[in-house]
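In what follows, a structure is listed as structure tokens, so that the remarks can point back to it.
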Amino acid sequence: MKTKINYSVIFWIIIASVILGITYNYFSVDGIDFLRKPTVIKNINDFEESDSTSIIGIDLAQAVNFYNTNAAVFVDARDQWDFSETHIAGAINIPEFSFEPKDSILSGFSKHQIFVLYCNGDDCDISKRLAMEFKKLGFINTFVFLGGIFEWEETGLPVEKGKSDE
Amino acid sequence: MNKEKLKLYTLAILRIYLALVFIISGMDKINDLHAFADSIENYKILPIYVINIMAIIIPWVEVISGGFLLLGIFIKENSLIIFSLLTIFTIAIIIAVLKGLNIECGCTGTYDGQKVGLLKIAENIFSLGIAFFCIITPRQVLTFIKQ
């Protein structure tokens, strides 16, 4: 009765996985880069409208300024469950995980519309990734509120519960 | 059916369940490598430059090991691979929970929406138990190759 583990089998399974993974990724239309690049976040003060390759991070004061002047559309990049628990009052929900570039929500907006995207806070990246998608679509005035809903709520700024109207 | 046979067939059914979970999970990740790479990044454990390499390779390990486990080929070896993967995943989830990260697990597929948390840890411990018993049980049933 064979009870020992044959480690060479494990070695070959891993080698096969590496070869299949690399080959599949190379030929797949949805393949990814081998080396992931960090997301570049600039300060709003360094922002130029022609800058479409990096994400512009804004702080609470800048987000409040956009909010109070109704200058921007606030977009919650979290999933619909988090959104329905709490979100910035008036924000729309576009979950990053299910975002489709052809999203009908965005078709009604001008390419110069200011968007402020947020998620939970500093620890989450989905708003940054969604911002990159917005930029690729030509929405160059897209900003990321880095403090997210946590900082917004802590400061006592208006929030609301419930599902997105979209 | 005597007690010994019942034990063997119960383990075989659990083994097939574990294999199917890994095959489906792996294929789902292969289908959307971007989302899986994003899920890995959310944990903030690995250096950014190795995230995509892991995202490219891990799903194939899951599918191949799961496939062999389903067919009952090299059960111990594939159970050990799955046990190791589950251990790494569980440690990552525990770290995420301790850090207070409210992120999607990215475990069973990329769009299942399941968050990291105690439920996911409990599920993984259950799966770890199955893999462990598959490693230590010398005789197996419902296999493609006679053990």
Interface buried area A-B, accessible surface with 1.4 Å probe, both sides summed, nearest 100 Å², comes to 3400 Å²
Could you check the spin-label model distance between residue B:5 and residue A:136? Points 7 Å from the Cα along Cα→Cβ, value in nm.
5.7 nm
Under 5 Å between amide H atoms, partner at least 5 residues away or on a different chain: which partners does residue A:58 have, H built in plane at 1.01 Å?
A:144, A:145, A:146
Residue-level accessible surface for residue A:107, protein heavy atoms, 1.4 Å, Å²:
100 Å²
Quick P(r) readout (chain A; Cα-Cα; 5 Å bins; whole %) gives 1, 8, 15, 18, 16, 11, 7, 6, 5, 5, 3, 2, 1, 1, 0, 0
Could you give the size of the charge dipole of chain B about its Cα centre, using +1 on the Cβ of each K and R and -1 on the Cβ of each D and E, expressed in debye and rounded to the nearest 20?
680 debye
Amide H partners (placed H, <5 Å) of residue A:73, local residues excluded:
A:114, A:115, A:116
Would you look at the GNM of chain A, springs on alpha carbons closer than 10 Å, and say which of A:26, A:118, A:67 moves the most?
A:26
Angle between the Cα long axis of helix B:33-43 and the longest principal axis of chain B, 0 to 90 degrees, nearest 10?
80 degrees
Which value, in Å² rounded to 10, gives the accessible area of residue A:124 with a 1.4 Å probe and all protein chains present?
20 Å²
Contact order normalised by length for chain A, with contacts defined as Cα pairs under 8 Å and 6 or more residues apart; what percent is it?
25 percent
Separation between the residue B:133 and residue B:44 pseudo-spin-labels, each 7 Å from Cα along Cα→Cβ, expressed in nm?
3.9 nm
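The values are calculated or read from the model by the stated rules, or taken from the named source; none is laboratory data. Computed from a predicted structure; not experimentally measured. No Cβ is skipped: glycine too gets one built from the backbone with ideal geometry, and neighbour counts run over all protein chains shown. Side chains are part of the model used for accessible areas, which takes the heavy atoms of the whole protein and leaves out ligands, DNA and RNA. Shrake-Rupley method; radii C 1.70, N 1.55, O 1.52, S 1.80 Å.
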